[in-house]
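Read-outs: derived from the displayed coordinates by stated rules, not from any lab. Keep in mind that this is a model prediction, so the values were computed, not measured. In this analysis, Cβ positions are derived from the backbone assuming ideal geometry, glycine residues included, and neighbour counts consider all displayed protein chains.
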């Protein structure tokens, strides 16, 4: 799909490169790689750091990676779904960040239990378990508190799973991509629904929009 899009866009050269070395080669040039004017796209924490370092030589889109998810949930949420959605992000990268902010102690406890159970069954179990060291399950006194946390965090991906998703949505001011309801997991945006997949991370949703 990427190659087809490149052809449609009129790309005249494609390099099979990745990682920090690709960022350096494209920014400074090598014997076989011409330097470019702009470098865009997501990566792990090392790629993101490299992009920030070469900004005096090439323009970038924004810091994009490692992956993040924050889920705002109340007592109407399904802990199985929440745990699955957190694991779907955790398997991206050992440095992925997964956060649940909920008003329900029961949802928090059940989600934590399911995370432990599901982490043992995923094919990327080792990566998932490492990423879950960065995870947090937070219990707020109210949805107001959970919303405030989300706006300060500015997640790359935000899921809203409450009895009144629209009301919560109206109060969100910092998020890369928003998914509403228990039947709208982030993975649909990653693979099927057509929403933007190149999004700011590390709180930069307060400063940048997604790549268009």
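If you take the alpha carbon atoms of segment 2-60 and fit the smallest convex hull around them, that volume is 82 Å³ per residue. Rounded to 0.05, the FRET efficiency of the residue 197 and residue 105 pair, given R0 = 35 Å and the Cβ-Cβ distance, is 0.55.
Relative contact order of segment 54-136: what whole-number percent is it, with Cα pairs under 8 angstrom and at least 6 residues apart? Mind dumping the intermediate values first?
Values: 115 pairs, mean separation 28.9, N = 83.
Averaging sequence separation for qualifying contacts and normalising by length gives 35 percent for segment 54-136.
What share of Cα pairs, in percent, lie more than 17 angstrom apart in segment 152-195?
Numbers: 280 of 946 pairs.
Percentage above 17 Å: 30.
When only Cα pairs below 8 angstrom with a gap of at least 6 residues are kept, segment 68-204 shows a relative contact order of 29 percent. Computed from Cα positions, the angle between helix 79-90 and the longest principal axis of the chain comes to roughly 20 degrees. Once both labels are positioned 7 Å from their Cα atoms along Cα-to-Cβ, the gap between residue 169 and residue 136 label points is 2.6 nm. Rounded to the nearest 10 degrees, the angle from helix 105-119 to the longest Cα principal axis of the chain is 50 degrees.
Out of every Cα-Cα pair that segment 1-103 contains, those further apart than 23 angstrom amount to 45 percent. With the helix formula -39500 (n - 2.57) applied to DSSP H stretches of n ≥ 4, the chain reaches a computed 222 nm mean residue ellipticity of -11000 deg cm²/dmol. Classification of segment 137-212 by its C-alpha gyration tensor yields an oblate form. The axis ratio a/c (a ≥ b ≥ c) is 1.5 or more, and b/c is at least a/b.
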